[in-house]
1. What ranking do 65, 49 get, fewest neighbouring Cβ atoms within 10 angstrom at the top?
2. From the backbone phi of the stretch 115-120, what are the Karplus-calculated ³J(HN,Hα) couplings (6.51 cos²θ - 1.76 cosθ + 1.60, θ = phi - 60°) in whole Hz, Gly and Pro given as x?
3. Would you calculate a helix-derived [θ] at 222 nm for the chain, using -39,500 (n - 2.57) for each DSSP H run of n ≥ 4 and dividing by the full residue count, to the nearest 500?
4. Quick one: grab Rg to one decimal and Dmax as a whole number for the stretch 49-174, Cα atoms only, in Å.
5. With Cβ to Cβ distances under 12 Å as the rule, what net charge do the other residues near residue 83 carry (K, R +1; D, E -1)?
6. With everything on Cα atoms, drop me the angle between helix 29-43 and the longest principal axis of the chain, reported from 0 to 90° to the nearest 10.
7. Take 101, 77 and order them by how many other Cβ atoms sit within 10 Å, fewest up front.
Amino acid sequence: MTTETTAFPDGIDERHARPLAGWRRHASPLSLVAFGIVVVLALAGVLGHERQWEAQGGGADLGVHMPETIRNGEFFEMRVDIESDEPIGELVVGIDQALWEDMTVNTLIPAATDETSEDGEFRFTFAELAAGTPFRLKVDLQVNPDILGGNDGLVTVYDGEVPLTEVPVSIAVLP
């Protein structure tokens with residue numbers, strides 16, 4: 001409560017010290033509407049969803065599962081599934097450097113016996129793969145905050161140096 005003896009600073013008077021009433025007393029409903037729009041967009045998959053890219057060739061089936069749309073700064077999982085009708089003497093998975101540009105690789109399971117960077121791609125060498133045996137490479141990544149727009153590139157399966165099949169993959173990155 002203010003009294004007549006209370007002195008207010010210049011430009012401030014008693015009406016500034018009175019409690020608010022009516023709509024001015026509550027937060028704006030606009031913030032609730034904005035939050036609702038974000039929730040609806042997220043549920044509709046606009047703010048991020050996953051996709052499966054697939055290719056067959058050279059006797060090998062290749063599947064890549066990862067988000068198609070994601071926000072920067074988020075963690076995500078990329079799964080590369082390979083199965084071949086014929087044995088693969090030396091399984092090599094190649095991932096274009098452009099696909100992982102401005103991304104941090106946190107985990108690669110199983111660990112490759114050899115990792116190289118050649119011809120604009122990262123190559124991960126694994127042991128031989130028997131015919132009909134499924135192989136899954138799981139990669140945990142994080143989108144660095146400076147990436148905006150997205151990346152795209154190829155994921156390729158090799159038998160040693162011989163390419164078997166490849167699939168183009170892209171990821172859109174929202175702010």
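None of the figures in this text is laboratory data; all of them are computed from the coordinates on show. These numbers were taken from a predicted model, which means no experiment stands behind them. Ideal geometry is used to build each Cβ from the backbone, glycine not excepted, and the neighbour counts take in all protein chains shown.
1. With the sparsest Cβ surroundings first, the list reads 49, 65.
2. 10, 9, 10, 8, 6, x
3. One gets -3000 deg cm²/dmol as the mean residue ellipticity at 222 nm.
4. Using the Cα atoms of the stretch 49-174, the pair Rg, Dmax is 14.0, 43 Å.
5. -4
6. The helix 29-43 is inclined about 10 degrees to the chain.
7. Least to most surrounded, the residues fall as 101, 77.
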